[in-house]
1. Kindly indicate whether any position in region 154-166 is more than 17 Å from residue 468 (Cβ to Cβ), in contact with a helix residue (DSSP H, G or I) (Cβ under 6 Å, 6 or more places away or on another chain) and assigned by the TED database to the domain that holds residue 279.
2. Being within 22 Å of residue 277 (Cβ to Cβ), touching a helix residue (DSSP H, G or I) at 6+ places or on another chain (Cβ under 7 Å) and of a type in the set (Phe, Trp, Tyr) is the requirement here; does residue 203 meet it?
3. Inside region 11-56, can you point out the residues that are among the polar types (S, T, N, Q) and either closer than 30 Å to residue 89 by Cα or outside any helix (DSSP H, G or I) (or both)?
4. Within region 410-427, which residues are out of contact with any helix residue (DSSP H, G or I) (no Cβ under 8 Å at 6 or more places or on another chain), in a helix (DSSP H, G or I) and either at pLDDT below 85 or open to solvent by less than 60 Å² (accessible area, probe 1.4 Å) (or both)?
5. For the list (1) within 23 Å of residue 365 (Cβ to Cβ); (2) surrounded by fewer than 20 Cβ atoms within 10 Å (Cβ to Cβ); (3) in contact (Cβ under 8 Å) with a residue 60 or more places away in the chain, I need the number of the one condition that residue 407 fails.
6. Look through region 35-79, keep the residues that are under 30 Å from residue 265 (Cα atoms) and of a type in the set (S, T, N, Q), and return whichever of them is modelled with the highest pLDDT.
7. State whether the residues of region 433-455 include one that is closer than 22 Å to residue 388 by Cα and not in a helix (DSSP H, G or I).
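The values are calculated or read from the model by the stated rules, or taken from the named source; none is laboratory data. Just so we're clear, the structure is a prediction, and the values are computed from it rather than from any experiment. Backbone-built Cβ (ideal geometry, glycine too); neighbour counts: all protein chains shown. The area values use the complete protein model at the heavy-atom level, side chains included, leaving out ligands, DNA and RNA. Shrake-Rupley method; radii C 1.70, N 1.55, O 1.52, S 1.80 Å.
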Amino acid sequence: MPSFDEVLKEAGEFGRFQKRVFFLLCQTGVTFSFLFASVVFLGQAPGNYWCRIPGAAELSERCGWTLEEERNFTVLPLRLGNGSSGGECERLDVVWDASVSCASLLVPYGNHSAGNPPLTPCHDNWVYEQPHSSIVSEYNLVCGNAWMLDLSQAILNLGFLAGAFTLGYAADRYGRILIYLLSCLGVGICGIIVAFAPNFTVFLIFRFLQGVFGKGTWMTCYVIVTEIVGSDQRIVGIVIQIFFTLGIMILPGIAYLVPTWQGIQLAISLPNFLFLLYYWVVPESPRWLLTRKKGEKALKIMHSIAKHNGKYLSPHYSEITISNEEVSNPSFLDLVRTPRMRRNTLILMYAWFTSALIYQGLVMRLGIVGGNLYLDFFISGAVELPAALLILVTIDRIGRRLPFAISNIVAGIACLITAFLPEDIPWLKTTVATLGRLGITMAFEIVYLVNTELYPTTLRNFGVSLCSSLCDLGGIIAPFLLFRLAAIWLELPLIIFSILAVICGLLVLLLPETKGISLPETVEDVEQLS
């Protein structure tokens, strides 16, 4: 009986059929990047806002004040009495009831002097110039509630983490294309509910679920593509990352054209329903069918692939075997039982964590540093395109380890320099920050490749899944680290990013070089890698 790889070689390893499926599934990278980075635009700072005094709306209507006049009457006494208060997070401790006349220029403050008006914290009575521009103004995520914006992104990453385990397992058990289609449906439905969530709790619940299903689409599309092409998956993996980058570049255009956060949310969620059409054009993975003892269906799909590729599959093939079956119940202990496996696992886990934390931190930082957010975001995305080209040029010439280390160290040094550059040289600050983004993007893409090459066949899927789960953990921590440290000093997160990246760059030098080496089949093969 021929092996699956032998049949695939005869049917065509990357023919017309695979190219079509590959292009269609790569669009998932675009929509996943929308979900991944959307918080930058969904959570934009709402511009000017202030805390409204109870009864102010009725008094303003009675007196015919404009919103600006109401704000002046509300905020001006605060600035006169307490120059440090702008009226955003606290208000006068008074009530404007029917006894207050329109002619009153100063609100009576009881026994307090006009120079020291009584203040009280604001809780839920904010007024925004642009009330529906972002989730910040929609759900009052300002002042003491500002940490909830961090929570919204952390919840999304928690969904990614849950999706990696639950839908990853489901895809192995029930099929790749079924879970892919259900995930696309889930992302679309949850995205609509998020857009019309009546309160922040409902928003968080369905943003978490959107993260679960979003990770399902990204994982399964990647797996389907790599399982229907030949054994050399390197270019395939990097090109899928390029489509992710294209999504990062398209997102600011959508946000610029759509004025409300609900509109942006719908625009990035609804395209997922189009992927349901793939039911008629993307087949189940024949490799998966073989592992589930469904050889006849797998053979039928292989004949279809050969036909579309203009190849001829021998009619004598009645069965296909699949080699390199995985161990039934791999565990974390299998990854750390031997010295080199243990070292590789710990370094890779740290590399995943660091890459995700810094990458997501730099993306979200664009939303708080000022400047033209839409243009800066587009440029930062465009910078990622050369990263894929640099990887393709270097990994087969000088290996994996050196570019992996250098990209991390460059990212770390660039973050450190950016933190101390003066604000009055914006072009230099932007250029150096862009170099850091390029470095961490390269590191993020290389870790995908290196991770698969450093585990034996029997543990490869499990090892990659476990190590990459640290990526989602980094994403959970990133918003809290960025926004809370930036509140102390805007550049403080960059100092932390630089330390983490340089340490990662030094650690990956301890990994073995895998250039030109066959993929390890057993743990013993890994232990012999130098």
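1. Yes.
2. It is false that residue 203 is within 22 Å of residue 277 (Cβ to Cβ), touching a helix residue (DSSP H, G or I) at 6+ places or on another chain (Cβ under 7 Å) and of a type in the set (Phe, Trp, Tyr).
3. Result: 38, 44, 48.
4. 426, 427
5. (2)
6. Checking each candidate, the answer is 38.
7. Looking for residues that are closer than 22 Å to residue 388 by Cα and not in a helix (DSSP H, G or I), one finds at least one in region 433-455, hence yes.
For every residue, the table says whether it meets (1) hydroxyl-bearing (Ser, Thr, Tyr); (2) more than 29 Å from residue 462 (Cβ to Cβ).
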| site | (1), (2) |
| --- | --- |
| 218 | no, no |
| 225 | no, no |
| 245 | yes, no |
| 252 | no, yes |
| 269 | yes, yes |
| 273 | no, yes |
| 278 | yes, no |
| 282 | no, no |
| 289 | no, no |
